[in-house]
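Novice: Quick one: the structure is below, and I'll ask about it shortly.
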Amino acid sequence: MADEAVQRLPPEIFKAYDIRGVYGRDLDEDLAEAIARAFVRVLAGLEGKPAGELRIGLGRDMRASAPSMASRYRQGMVLEGATVVDAGMVATEMLYYLVGSRDLDGGLMCTPSHNPKAYTGAKLLRRGALALSGDAGIQDVRRTIEAGLGDAPGGGHVEDVDVYDDFHQHVLGFIDPGSVRPLSLVLDGSNGMAGPMVGPLMERLGLDPVTEHWEANGEFPDAGPNPLLEQNRRPIVEKVVSEGAVLGIAWDGDADRCFFIDDTGEFVAGDFLTALLADSILRKQPGATILYDVRASRAVPDTVERAGGKALMNRVGHAFFKTRMREEHAAFGGEVSGHYYFHDFYCADSGTIPALLILELLSVEGKRMAELLEPLRAKYFISGEINTEVSDQRAKMEELAQRYADARLTHLDGISIDYDDWHFNVRPSNTEPLLRLNLESLVSQEHMEAKRDEVLDVIRS
């Protein structure tokens, strides 16, 4: 059956950081089994041990297709001789925790992350909760399937585990639970895994938040699982304002990313949130190293250095963050996109730990979210990411380099152009003919808008 699946294997489901497609059209149970079998073989090669010695974590989200897809992922791994440590329905970061805390050889999370309800997918991990990527592992899975899987040796086993209590205990270790005071909160789970994962933590902290879309429901009856879309976060914005809450937090479908709404109903930019989290981490770990991505506001390195830490700029993408965090022994890393990584969480990203740290910070400071952000918003004026379709990405970036040749130019990820009072980064999309602009002024909102329009004129001319 697995080799029959290769006849209809769409190569486009193998993405940069996961496998993802429409359930029943691009991905089904037969393909799930083939992917799992190939994953075991790739993992055996990476770990340098026989498949029969591998212990692999398995989790699934709340989607309607997840039980049947996860069942076939499990069957595929067992057919290859691996022992599957099955955590059942969990959030993605809970699988990271399972793999990291039990020193498993790898893991497979059945989820398409924040994609609409028609989608299914898989995130693949190796030892240490390191994700496979298109450059390292995912395309090997595709090639293994295409080469033909043949007969399965069999001999694997399944161990069912419950990881919730251990996970909750671990993440609470990032804060002093006794310092969290009663706060008026609005939490939006996007009908994803945040409710089951975060809800018990709120109870343990003695908090009674107003909740929206809190029940895990893969049909997403009210809004989609991606709070980055303005229409999906409109309900929480309205609720925060109507409730007079000090803070709103929304999670995506598999709950590995969280997004914040301040008490005025304004969305909190990911780089400003990175600065607040960095400040919180440095209070606990003086002198720590913090990573931030090339798109970020200067608010991040300025905050880190003022707090006595070491700030390092990094390429965008979780594979680059997780690898460099290990190399630099960095305590924390934050991306503008809402991925926040923690050294003491196996260098993996979490949607729970940032929420806990911000609740603690608000409690300790005795302030509302907008008050914490005011010093940043008054000094750093950011454009947010602006995408433009171009016919020749490389030529346009070379044109930008020539146009701004009097600035400090770096090429860590795309092109970064730095002046003393403003700067920008332009990165090419890996999958579309787009250039992505992020620009910041340290002068004023009007100066930012003028420079933004100036750079966009170059890109779009």
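Novice: Being more than 25 Å from ASN217 (Cα to Cα), in contact with a helix residue (DSSP H, G or I) (Cβ under 6 Å, 6 or more places away or on another chain) and modelled with pLDDT of 95 or more is the requirement here; does VAL180 meet it?
Specialist: Yes, satisfied.
Novice: Taking region 165-203 as the region of interest, how many residues are more than 29 Å from PRO50 (Cβ to Cβ), of a type in the set (Asp, Glu) and surrounded by fewer than 18 Cβ atoms within 10 Å (Cβ to Cβ)?
Specialist: 3
Novice: Filtering region 311-325 down to residues that are of a type in the set (Lys, Arg) and in contact (Cβ under 8 Å) with a residue 60 or more places away in the chain, which residue is nearest to ASP413 (Cα to Cα)?
Specialist: Per the criteria, the residue is ARG315.
Novice: Here is a further query. Considering only region 218-236, I want to know if a residue exists there that is under 11 Å from LEU185 (Cα atoms), of a type outside the set (Val, Ile, Thr) and not in a strand (DSSP E or B).
Specialist: No, region 218-236 contains no residue that is under 11 Å from LEU185 (Cα atoms), of a type outside the set (Val, Ile, Thr) and not in a strand (DSSP E or B).
Novice: Of all residues in region 269-319, count the ones that are among the small types (Gly, Ala, Ser), crowded, with 24+ Cβ neighbours inside 10 Å and outside any helix (DSSP H, G or I).
Specialist: So the count comes out to 2.
Novice: Can you find, within region 320-338, the residue that is modelled with the lowest pLDDT among those that are part of a loop (DSSP other than H, G, I, E, B) and farther than 12 Å from LEU277 by Cα?
Specialist: Filtering first and then ranking leaves SER337.
Novice: Right, here's the next one. Scan region 424-447 for residues that are surrounded by fewer than 20 Cβ atoms within 10 Å (Cβ to Cβ) and within 18 Å of ARG377 (Cα to Cα) and jot them down.
Specialist: LEU442, VAL443, SER444, GLN445, GLU446, HIS447 - these are the residues of region 424-447 that are surrounded by fewer than 20 Cβ atoms within 10 Å (Cβ to Cβ) and within 18 Å of ARG377 (Cα to Cα).
Novice: Sort through GLY199, GLY206 and tell me the only one that's at pLDDT 95 or above, within 25 Å of SER363 (Cβ to Cβ) and not in a loop (DSSP other than H, G, I, E, B).
Specialist: Only one candidate qualifies: GLY199.
Novice: Residue by residue through region 130-164, note down the ones that are in contact with a helix residue (DSSP H, G or I) (Cβ under 8 Å, 6 or more places away or on another chain), crowded, with 20+ Cβ neighbours inside 10 Å, farther than 15 Å from GLY76 by Cβ and of a type in the set (A, V, I, L, M, F, W, C).
Specialist: Listed by number, the residues that qualify are LEU130, ALA131, LEU132, VAL163.
Novice: Of the conditions (1) touching a strand residue (DSSP E or B) at 6+ places or on another chain (Cβ under 9 Å); (2) part of a loop (DSSP other than H, G, I, E, B); (3) within 30 Å of ARG181 (Cβ to Cβ), LYS379 clears all except one; give me its number.
Specialist: Status for LYS379: all satisfied but (1).
Novice: Looking at ALA32, ALA44, ALA118, which one is of a type in the set (A, V, I, L, M), within 27 Å of HIS339 (Cβ to Cβ) and surrounded by fewer than 24 Cβ atoms within 10 Å (Cβ to Cβ)?
Specialist: None of the others qualify; the one that does is ALA118.
Novice: Consider ALA245 carefully, then state whether it is among the small types (Gly, Ala, Ser), farther than 21 Å from GLY384 by Cβ and outside the structural domain of PRO112 (by TED's automatic domain parsing).
Specialist: Yes.
Novice: Quick one: which strands (runs of 3 or more DSSP E) lie wholly within region 1-112 and hold at least 1 residues that are modelled with pLDDT of 95 or more and within 19 Å of ASP140 (Cβ to Cβ)?
Specialist: 19-22, 55-60, 106-110
Novice: Right, next: Within region 117-146, track down each residue that is part of a helix (DSSP H, G or I) and under 21 Å from ASP28 (Cα atoms).
Specialist: Scanning region 117-146 gives ILE138, GLN139, ASP140, VAL141, ARG142, ARG143, THR144, ILE145, GLU146.
Novice: Answer yes or no: is there a residue in region 347-363 that is buried (at least 16 other Cβ atoms within 10 Å of the Cβ) and in a strand (DSSP E or B).
Specialist: Looking through region 347-363, at least one residue is buried (at least 16 other Cβ atoms within 10 Å of the Cβ) and in a strand (DSSP E or B).
Novice: Could you please find all residues in region 406-461 being assigned to a loop (DSSP other than H, G, I, E, B) and either in contact with a Gly (Cβ under 6 Å, 6 or more places away or on another chain) or among the small types (Gly, Ala, Ser) (or both)?
Specialist: Listed by number, the residues that qualify are ALA407, GLY414, SER429, SER444, SER461.
The values are calculated or read from the model by the stated rules, or taken from the named source; none is laboratory data. All values derive from a computational prediction rather than experimental measurement. Cβ atoms come from the backbone with ideal geometry, glycine included; neighbour counts cover every protein chain shown.
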